[in-house]
Amino acid sequence: MKKLYVVGIGPGEKEGMTFAAWEAIAGCDILVGYTKYVELVKPLFPDKAVFQTGMMKEVDRCQKALELAQSGKTITLVCSGDSGIYGMAGLIYELAPSFPEVEIKIVSGVTAASSGAALLGAPLTHDFAVISLSDLLTPWDKIEKRLINSAEAGLSIVLYNPASHRRADYLQRACDILMRVLPGETVCGIARNIGRDGESSQVLTLAQLRDTEADMFCTVFIGNETTKNIDGKMVTPRGYRNV
């Protein structure tokens with residue numbers, strides 16, 4: 001059977017991986033992925049054959065995974081977090097019509113919104129939005145509109161890809177946009193290196209967040225008007241105590 005698994009590996013450590021993800025990797029002939037994600041998984045499966053590519057090679061990577069599956073190999077394409085949340089699941093389906101004999105199986109994983117929230121406390125127990133600050137595939141004016149609309153709607157917000165070497169001031173810009181709607185005292189949080197060496201979390205205000213350095217290994221959480229700092233934990237009440 002010609003089969004391709006598209007697998008979310010969670011934060012990267014063994015404990016954060018689902019049983020389904022583990023089984024898909026263990027049972028494949030070739031492991032495919034972005035170099036850093038393959039490096040996270042490879043020590044757990046040292047004898048596994050791999051095909052890896054660098055950043056900005058997403059189409060090449062997915063095309064190769066489908067070609068290898070078409071040849072009769074069982075392939076697992078790994079993504080960090082969840083394979084369908086900023087992962088490769090969508091691109092695989094876009095390319096799949098050229099490989100009609102390949103059966104595709106999507107395996108979900110723990111996305112950074114979930115794992116980062118657990119580090120910080122309970123910031124997402126009510127409605128929330130997830131927004132990437134990377135403008136590589138989405139124009140900045142659309143990102144800005146999504147930030148404003150989410151804040152005005154009273155949603156908690158999770159920011160993926162908050163900064164990079166090329167986008168060093170994007171988190172600061174996002175905070176400035178959000179402070180058009182939200183007070184500077186709004187409770188926020190940063191989760192760093194989730195499930196990896198150097199893991200840490202910090203609860204702070206939106207005004208403090210504006211002047212805080214972040215990178216691609218950070219996930220940022222913006223609270224809504226009900227979010228609280230409870231003994232150093234970021235908590236957004238659902239409202240159970242008001243019923």
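The values are calculated or read from the model by the stated rules, or taken from the named source; none is laboratory data. This structure is a prediction, so every number in the text was calculated from the model and none was measured. No Cβ is skipped: glycine too gets one built from the backbone with ideal geometry, and neighbour counts run over all protein chains shown. Calculation scope for accessible area: heavy atoms of the full protein, side chains included, ligands and nucleic acids excluded. Shrake-Rupley method; radii C 1.70, N 1.55, O 1.52, S 1.80 Å.
Key figures for this structure:
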{"item": "Answer residue from the stretch 151-160, given it is more than 17 Å from A191 (Cα to Cα) and either in contact with a helix residue (DSSP H, G or I) (Cβ under 8 Å, 6 or more places away or on another chain) or among the charged types (D, E, K, R) (or both) and is surrounded by the fewest Cβ atoms within 10 Å (Cβ to Cβ) among those", "result": "E152"}
{"item": "Residue match in the stretch 150-161 (condition: closer than 18 Å to T227 by Cβ and acidic (D, E))", "result": "yes"}
{"item": "Filtered residues of the stretch 125-140 (kept if buried (at least 16 other Cβ atoms within 10 Å of the Cβ) and either in contact with a Cys (Cβ under 7 Å, 6 or more places away or on another chain) or acidic (D, E) (or both))", "result": "D135"}
{"item": "Residue match in the stretch 115-124 (condition: hydroxyl-bearing (S, T, Y), at pLDDT 95 or above, open to solvent by less than 40 Å² (accessible area, probe 1.4 Å) and under 17 Å from Y160 (Cα atoms))", "result": "yes"}
{"item": "Residue check for I85: at pLDDT 95 or above and within 20 Å of N193 (Cβ to Cβ)", "result": "yes"}
{"item": "Segments classed as helices (runs of 4 or more DSSP H), wholly inside the stretch 125-243, with at least 2 members that are modelled with pLDDT of 95 or more, over 19 Å from the mean Cα position of the chain (by Cα) and closer than 30 Å to M88 by Cα", "result": "140-152, 170-178"}
{"item": "Options L120, L137; residue that is closer than 24 Å to V7 by Cα and not polar (S, T, N, Q)", "result": "L137"}
{"item": "Meets criteria (more than 19 Å from the chain's Cα centre (by Cα) and of a type in the set (A, V, I, L, M)) for L91", "result": "no"}
{"item": "Filter result for D82 (of a type in the set (D, E) and closer than 24 Å to K42 by Cα)", "result": "yes"}
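The rows are residues; the columns are (1) under 16 Å from A113 (Cα atoms); (2) surrounded by fewer than 17 Cβ atoms within 10 Å (Cβ to Cβ); (3) touching a residue at least 24 places away in the same chain (Cβ under 8 Å).
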site: K142; (1), (2), (3): no, yes, no
site: N149; (1), (2), (3): no, yes, no
site: P162; (1), (2), (3): yes, no, yes
site: R166; (1), (2), (3): no, yes, no
site: L182; (1), (2), (3): no, no, yes
site: V203; (1), (2), (3): yes, no, yes
site: R210; (1), (2), (3): no, no, yes
